[in-house]
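Undergrad: Below are the structure tokens for one structure; questions will follow.
The values are calculated or read from the model by the stated rules, or taken from the named source; none is laboratory data. Predicted model only: the values in this text are computed from it and were never measured. Because the Cβ atoms are built from the backbone with ideal geometry, glycine has one as well, and the counts that use them run over all protein chains shown. These accessible areas exclude ligands, DNA and RNA; they are computed on the full protein's heavy atoms, side chains included. Shrake-Rupley method; radii C 1.70, N 1.55, O 1.52, S 1.80 Å.
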Amino acid sequence: MNNVRIGSYQLENNVIVAPMAGITDRPFRQLCRRLGAGLAVSEMLSSNPKVWKTEKSMNRMDHSGESGIRSVQIAGADPELMAQAAQFNVSNGAQIIDINMGCPAKKVNKKLAGSALLQFPELVQEILDAVVNAVDVPVTLKIRTGWDQDNRNGVEIARIAERYGIASLAVHGRTRACMYKGEAEYATIREIKRSVSIPVVANGDITSPEKAKQVLDYTGADAIMIGRAAQGRPWIFREIDHYLRTGEHLPAPEIAEVRSILMEHLDNLHQFYGEPMGARIARKHVSWYLQTHDSDGQFRRVFNALDNPQAQVDALEEYFKTLAAN
């Protein structure tokens, strides 16, 4: 299996980090890249210029010192604003612009952005046309299989994407109406792959190396994208990449390595966001990392009450000492 090309960029492998709002910030992207992801797409940025100067947006746009290809996702429904957002992010260091037509969240959809756009193929055309012509970097698109079960128009949208110069297409195997419920279906992704010649990336419910291989084999997709399965488990990228290349499983990380990955992530969050934000954002990540170890949630309840970075570090050091001793 050849590594995917997106425009002039060749990925190191075909396992990609999905953009997740509030999660794929720079510390998380860097960690996933180090642990085997071929590309990490940043969390979505609104195309509304009024919010670009807010602290939240500034953090989302921060790519300083980042390794690998910088792919930035933008969301909105106005072709002209989307084109400007693309230009703004390219001037800020983005090497790939990704357009969000996959987010099912109500607050995004009620502004007609995200997956709400799938209902309006003509507007999709206008947005793609405007963005592709506004920048000289590759533009990618992320969609769902359609608006709801009766309107799975993913193939139609994929053909529009190809026609308007989209460099690669990621498809989440659910409709907007499904949100994240039920199981992802891959038949529509397979159909999309057969109907276009641009690279297609399969996304949705890929939680293990075997599942990654099954989905690739079934859909014929060129790459896979991992979202929720990487929360608290960023080493899933190297596990999948290794399995796809060799057919063999990497051993699960030892508790000492989990500790060192988590502590590195924690330190980077504290540094990146400062106080008190870093400690707050760290809580959800720590909770994900410890789901399997802290099954009764006792430690996590204690941890979630801490808002001082050093107190968080000390509590975790103590926790891992206890784990190692048992």
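Undergrad: So which residues in segment 83-97 are open to solvent by 10 Å² or more (accessible area, probe 1.4 Å) and either outside any loop (DSSP other than H, G, I, E, B) or modelled with pLDDT under 95 (or both)? Give the steps one after another, and end with the answer.
TA: To start, the set of residues in segment 83-97 that are open to solvent by 10 Å² or more (accessible area, probe 1.4 Å) comprises 83-84, 87-88, 90-93, 95.
Ala83, Gln84, Gln87, Phe88, Val90, Ser91, Asn92, Gly93 - these are the residues of segment 83-97 that are open to solvent by 10 Å² or more (accessible area, probe 1.4 Å) and either outside any loop (DSSP other than H, G, I, E, B) or modelled with pLDDT under 95 (or both).
Undergrad: Continuing with this model, one more query. What are the pairs, 6+ residues apart or on separate chains, where a residue within segment 157-169 that is of a type in the set (A, V, I, L, M, F, W, C) has its Cβ under 9 Å from a residue that is at pLDDT below 95 and crowded, with 19+ Cβ neighbours inside 10 Å?
TA: Matching pairs, first to second residue: Ile157/Met101; Ile157/Leu117; Ile157/Leu118; Ile157/Gly146.
Undergrad: Within segment 4-20, track down each residue that is in a loop (DSSP other than H, G, I, E, B) and either open to solvent by 60 Å² or more (accessible area, probe 1.4 Å) or under 19 Å from Val132 (Cα atoms) (or both). Don't jump to the end; show me each part of the working.
TA: To start, the set of residues in segment 4-20 that are in a loop (DSSP other than H, G, I, E, B) comprises 4, 7-8, 11-14, 18-20.
Of everything in segment 4-20, those that are in a loop (DSSP other than H, G, I, E, B) and either open to solvent by 60 Å² or more (accessible area, probe 1.4 Å) or under 19 Å from Val132 (Cα atoms) (or both) turn out to be Gly7, Ser8, Glu12.
Undergrad: Something else about it: For segment 138-152, give me each residue that is open to solvent by 30 Å² or more (accessible area, probe 1.4 Å) and in contact (Cβ under 8 Å) with a residue 12 or more places away in the chain.
TA: Initial filter on segment 138-152 (open to solvent by 30 Å² or more (accessible area, probe 1.4 Å)): 147-152.
Listed by number, the residues that qualify are Trp147, Asp148, Gln149, Asn151, Arg152.
Undergrad: Do the conditions hold for Gln73, that is, is it in contact (Cβ under 8 Å) with a residue 24 or more places away in the chain, in contact with an Asp or Glu (Cβ under 8 Å, 6 or more places away or on another chain), open to solvent by 30 Å² or more (accessible area, probe 1.4 Å) and not in a loop (DSSP other than H, G, I, E, B)?
TA: Values: in contact (Cβ under 8 Å) with a residue 24 or more places away in the chain: yes; in contact with an Asp or Glu (Cβ under 8 Å, 6 or more places away or on another chain): yes; open to solvent by 30 Å² or more (accessible area, probe 1.4 Å): no; not in a loop (DSSP other than H, G, I, E, B): yes.
No, not satisfied.
For (1) surrounded by fewer than 16 Cβ atoms within 10 Å (Cβ to Cβ); (2) touching a strand residue (DSSP E or B) at 6+ places or on another chain (Cβ under 9 Å); (3) within 16 Å of Asp25 (Cβ to Cβ), each residue gets a yes or a no:
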{"position": "His265", "(1), (2), (3)": "no, no, yes"}
{"position": "Phe272", "(1), (2), (3)": "no, no, yes"}
{"position": "Arg280", "(1), (2), (3)": "yes, no, yes"}
{"position": "Leu290", "(1), (2), (3)": "no, no, no"}
{"position": "Asp294", "(1), (2), (3)": "no, no, no"}
{"position": "Phe303", "(1), (2), (3)": "no, no, no"}
{"position": "Lys321", "(1), (2), (3)": "yes, no, no"}
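Undergrad: Quick one: is Glu80 under 21 Å from Phe120 (Cα atoms), in contact (Cβ under 8 Å) with a residue 40 or more places away in the chain and not in a strand (DSSP E or B)? Lay out the reasoning, then the answer.
TA: Numbers: under 21 Å from Phe120 (Cα atoms): yes; in contact (Cβ under 8 Å) with a residue 40 or more places away in the chain: yes; not in a strand (DSSP E or B): yes.
So Glu80 passes the test.
Undergrad: Let me ask something else. Kindly check whether there is at least one residue in segment 43-62 that is assigned to a loop (DSSP other than H, G, I, E, B), open to solvent by 10 Å² or more (accessible area, probe 1.4 Å) and in contact with a Lys or Arg (Cβ under 6 Å, 6 or more places away or on another chain).
TA: There is at least one residue in segment 43-62 that is assigned to a loop (DSSP other than H, G, I, E, B), open to solvent by 10 Å² or more (accessible area, probe 1.4 Å) and in contact with a Lys or Arg (Cβ under 6 Å, 6 or more places away or on another chain).
Undergrad: Now for a different question. Can you find a residue in segment 173-195 that is closer than 30 Å to Ser91 by Cβ and in the same structural domain as Gln84 (by the TED database)? Give the derivation first.
TA: First pass over segment 173-195, keeping only residues closer than 30 Å to Ser91 by Cβ: none.
The answer is no, given that none of the residues of segment 173-195 is closer than 30 Å to Ser91 by Cβ and in the same structural domain as Gln84 (by the TED database).
Undergrad: Return yes or no: is Val131 surrounded by fewer than 24 Cβ atoms within 10 Å (Cβ to Cβ), at negative phi, assigned by the TED database to the domain that holds Ser195 and of a type in the set (A, V, I, L, M)?
TA: Working: surrounded by fewer than 24 Cβ atoms within 10 Å (Cβ to Cβ): no; at negative phi: yes; assigned by the TED database to the domain that holds Ser195: yes; of a type in the set (A, V, I, L, M): yes.
The answer is no for Val131.
Results for (1) under 16 Å from Cys103 (Cβ atoms); (2) of a type in the set (Lys, Arg), shown as yes or no for each residue.
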| position | (1), (2) |
| --- | --- |
| Arg26 | no, yes |
| Arg29 | no, yes |
| Arg34 | no, yes |
| Ala40 | no, no |
| Ser47 | yes, no |
| Arg70 | no, yes |
